[in-house]
Amino acid sequence: EKPAYTMVSKEDYSAVKDLLGRLDGLYWYKHFVPPTLSNYWQYLDYFAVSAASPDEYQAVLKFIQPAIETAGQMETDQKKVEYLNNYLCTLLEYDPNAVAAVTEVFAPHSGILKGSCGTYARAFNLLCQAADIPCFAIRTQTHSWNLVYADGAWGHVDVSSNDHSGRSGILLTGALPSRADLTPEATAFLKELLVPGSTI
């Protein structure tokens, strides 16, 4: 685990936890109470975050390694992102009511594995992060997809929509005016956190 520390007011705990969840992919980011701090209740503004890759992700990383190596040989981030989008589409079929864990998506499976938009978004986070491409999830009231930093710009990638429609209609798209981001301030913060200066 790699702990990081900051100060967060108690009222903002849930917002910060939500923000951390949008980064979940190769690592899980969680609120972390150091075992050496027995009187944590006296320091409610003290917020520690742990970043850890679960043990079961070793099999996931082994499974995706050929795809990550192939993406790594491509000339531009755009081509890498397009390849990873297409790769994920070969592993899943869109079903708005189905949920599949990352460990199910990136593992040998027979038959059709179905997943909702959230399944696609979490899996794409992991793929991009494994390929050293900044990526996080974004959502409206009813849908999730990803923001990806490629070739010097942030772009929207909606793998579930691309898979369902059979075409890459939302692949590093600059803006999606028809979709209302639930937390635009948090989205702007994550962009700057992952790529400082990228929103200036």
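Name the residues in the range 68-107 that are touching a strand residue (DSSP E or B) at 6+ places or on another chain (Cβ under 8 Å) and not in a helix (DSSP H, G or I), would you? Please lay out each step first, then the result.
Initial filter on the range 68-107 (touching a strand residue (DSSP E or B) at 6+ places or on another chain (Cβ under 8 Å)): 76-78, 80-82, 85, 92-95, 98-100, 105.
Hits for the range 68-107 are THR76, LEU92, GLU93, TYR94, ASP95, ALA98, VAL99, ALA100.
Restricting the first residue to the range 4-32 and requiring it to be within 21 Å of VAL60 (Cα to Cα), which pairs with a second residue that is modelled with pLDDT of 85 or more and loosely packed, with under 14 Cβ neighbours inside 10 Å meet a Cβ separation below 7 Å and a spacing of at least six or different chains?
Going by the 7 Å Cβ cut-off, the qualifying pairs are TRP28/PRO54.
Would you pick out the residues in the range 84-124 that are in contact with a Cys (Cβ under 8 Å, 6 or more places away or on another chain) and crowded, with 23+ Cβ neighbours inside 10 Å?
LEU84, PHE124
Sort through ASP163, ASP151, ASP181 and tell me the only one that's in contact with a helix residue (DSSP H, G or I) (Cβ under 8 Å, 6 or more places away or on another chain) and open to solvent by 50 Å² or more (accessible area, probe 1.4 Å).
On the way: ASP163 fails: open to solvent by 50 Å² or more (accessible area, probe 1.4 Å); ASP181 fails: open to solvent by 50 Å² or more (accessible area, probe 1.4 Å).
Result of the check over ASP163, ASP151, ASP181: ASP151.
Select the strands (runs of 3 or more DSSP E) contained entirely in the range 108-186, then report the ones holding at least 1 residues which are farther than 19 Å from ASP24 by Cβ and of a type in the set (A, V, I, L, M).
Numbers: elements: 135-139, 144-150, 153-157, 171-173.
In the range 108-186, the matching strands (runs of 3 or more DSSP E) lie at 144-150, 153-157, 171-173.
Say we look at the range 1-41 and pick out the residues that are modelled with pLDDT of 75 or more and loosely packed, with under 12 Cβ neighbours inside 10 Å; which of these is nearest to ALA137 (Cα to Cα)? Full working, then the answer.
Residues of the range 1-41 modelled with pLDDT of 75 or more: 11-30.
From what's left, loosely packed, with under 12 Cβ neighbours inside 10 Å: 11, 14.
Values: GLU11: 23, SER14: 17 Å.
Looking at residues that are modelled with pLDDT of 75 or more and loosely packed, with under 12 Cβ neighbours inside 10 Å, I get SER14.
For the range 125-137, name all the residues that are surrounded by fewer than 24 Cβ atoms within 10 Å (Cβ to Cβ) and within 19 Å of GLU185 (Cβ to Cβ).
PRO134, ALA137
Considering only residues that are of a type in the set (A, V, I, L, M) and either exposed (fewer than 13 other Cβ atoms within 10 Å of the Cβ) or in contact (Cβ under 8 Å) with a residue 24 or more places away in the chain (or both), which ones fall in the range 63-83? Don't jump to the end; show me each part of the working.
As a first pass, look at the range 63-83 and keep what is of a type in the set (A, V, I, L, M): 64, 67-68, 71, 74, 81.
Selection gives ILE64, ALA67, ILE68, ALA71, VAL81.
Have a look at VAL60, VAL99 and point out the one that is aliphatic (A, V, I, L, M), under 17 Å from the mean Cα position of the chain (by Cα) and modelled with pLDDT of 95 or more.
Details: VAL99 fails: modelled with pLDDT of 95 or more.
Selected residue: VAL60, the only one of VAL60, VAL99 that is aliphatic (A, V, I, L, M), under 17 Å from the mean Cα position of the chain (by Cα) and modelled with pLDDT of 95 or more.
Looking at the range 42-54, which of its residues are assigned to a loop (DSSP other than H, G, I, E, B) and either of a type in the set (Gly, Ala, Ser) or modelled with pLDDT of 70 or more (or both)? Let's see the steps before the verdict.
To start, the set of residues in the range 42-54 that are assigned to a loop (DSSP other than H, G, I, E, B) comprises 43-45, 53-54.
If the condition is that a residue be assigned to a loop (DSSP other than H, G, I, E, B) and either of a type in the set (Gly, Ala, Ser) or modelled with pLDDT of 70 or more (or both), then SER53, PRO54 are the ones that fit.
Using beta carbons and a limit of 8 Å, which pairs, at least six apart or on different chains, have the first residue in the range 93-116 and touching a residue at least 24 places away in the same chain (Cβ under 8 Å) and under 19 Å from SER144 (Cα atoms) and the second one polar (S, T, N, Q) and open to solvent by 60 Å² or more (accessible area, probe 1.4 Å)?
So the pair list comes out as SER116/ASN97.
Determine whether VAL105 is at pLDDT 95 or above and in contact with a Phe, Trp or Tyr (Cβ under 7 Å, 6 or more places away or on another chain).
no
The values are calculated or read from the model by the stated rules, or taken from the named source; none is laboratory data. Quick caveat, the model's predicted, so the values are computed rather than measured. Glycine also receives a Cβ, built like all others from the backbone with ideal geometry; neighbour counts cover every protein chain displayed. Accessible surface is based on the protein model in full, side chains and every heavy atom, while ligands, DNA and RNA are left aside. Shrake-Rupley method; radii C 1.70, N 1.55, O 1.52, S 1.80 Å.
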